Amino acid sequence: MIPFSVVQALSARRHAPLHQLDTQEIAVLRVDTAQPADESDRDWIGFAATLTPDTLLKALRGWWRCDPASVAAGGVLPVTLSGYVVAVLTGLERWEKNTEGRHAFPEARLAGHVTDLVTPRTSITSSLDSDRRLAELLLGTRLASHSGGAIAYLNTRTAG
C-alpha cells in the first residue's frame, strides 16, 4: 500500500521540460524495477534507487529494438519507471548491433539518478557540464511515453 502523501507528492511532480532540450525528438527508455539478471556482465536488469552508480549503469544498459541513429541524435536517454524520470543516460554517440537486430550503446554514461523519488533526492554522477545540466533538468520529473517496447520516442516540441 502506497501512503496517500506519497501519491500526492508524485502527482504534483512537474512535467519534464522537454522544450528546453536542443533537439526535436528524444528516445525514452522505459524500465521496470530491478530484477536479478542471469548474465555474465551484470547482476541486475532495471532500476533500483539502492544500486550503486556502476551497477545501475550496467542494469540500465541493454540490447533494444530501436532506431539507434534517432537515439543518438537526441543526445540524452531519460530512463523512466512508471512515468517518472529515475535516471539519465548520455554518451550515446556510438552503438553496436547484435545478431537479433537489437542495439546497445556501450559508451553510455549515467549522468545521474534518483535515490529517492518522493523527495526527490538525486545523485549527479557525471563530471561533464552538459551531462549535469541534462540530469538536473530531467531527474524526478513526470514523463509519460507510450510504446510497445522498451524504447519510446517523444517530440520535444509537442510532448507535455
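The values are calculated or read from the model by the stated rules, or taken from the named source; none is laboratory data. Just so it is clear, the structure is predicted and the values come from calculations on it, not from any experiment. Every residue, glycine as well, gets a Cβ built from its backbone with ideal geometry; the counts of neighbours run over all protein chains shown. Only protein heavy atoms, including side chains, enter the accessible area calculation; ligands, DNA and RNA are left aside. Shrake-Rupley method; radii C 1.70, N 1.55, O 1.52, S 1.80 Å.
What fraction of the DSSP beta bridges in the chain is antiparallel, stated in percent and rounded to the nearest 5? Walk me through the numbers on the way to the answer.
Values: 24 of 29 bridges.
Around 85 percent antiparallel, to the nearest 5.
For the chain, with all protein chains present and a 1.4 Å probe, just round the carbon and sulfur fraction of the accessible area to a whole percent.
Working: 4260 of 8540 Å².
That fraction is 50 percent.
Please give me, ordered by residue number, the trypsin sites (Lys or Arg not before Pro) of segment 56-122 that lie in loop per DSSP and have at most 14 other Cβ atoms within 10 Å. Walk me through the intermediate numbers first.
On the way: sites: Lys58, Arg61, Arg65, Arg94, Lys97, Arg102, Arg109, Arg121; in loops: Arg61, Arg65, Arg94, Arg102.
For trypsin sites (Lys or Arg not before Pro) across segment 56-122 that sit outside H, G, I, E and B with at most 14 neighbouring Cβ atoms in 10 Å, the list reads Arg65, Arg94.
In terms of the Cα gyration tensor, with a ≥ b ≥ c the square roots of its eigenvalues, is segment 17-160 rounded because a/c is under 1.5, prolate because a/b exceeds b/c, or oblate?
Because its axes are fairly even, with a/c under 1.5, segment 17-160 counts as rounded.
Determine the distance separating the Cα centre of segment 20-94 from the Cα centre of segment 108-146; give it in Å without decimals.
Centre-to-centre (Cα) distance: 11 Å.
Please give the residues of segment 105-149, grouped as numeric ranges, whose backbone N is less than 16 Å from a label point set 7 Å along the Cα-to-Cβ vector of Asp32.
In segment 105-149, the label zone of Asp32 (backbone N under 16 Å from the point 7 Å along Cα→Cβ) covers 147-149.
Measuring with a 1.4 Å probe in the full set of protein chains, what accessible area per residue, in whole Å², belongs to the chain? Intermediate values should be presented prior to the final figure.
Working: 8540 Å² over 160 residues.
Dividing the accessible area of the chain by its residue count gives 53 Å².
Could you work out the helix-only [θ] at 222 nm for the chain, with each DSSP H run of four or more residues adding -39,500 (n - 2.57) and the total divided by the number of residues, to the nearest 500 deg cm²/dmol? Before the final figure, lay out the partial values.
On the way: 4 runs with 33 residues, N = 160.
So the calculated ellipticity at 222 nm is -5500 deg cm²/dmol.
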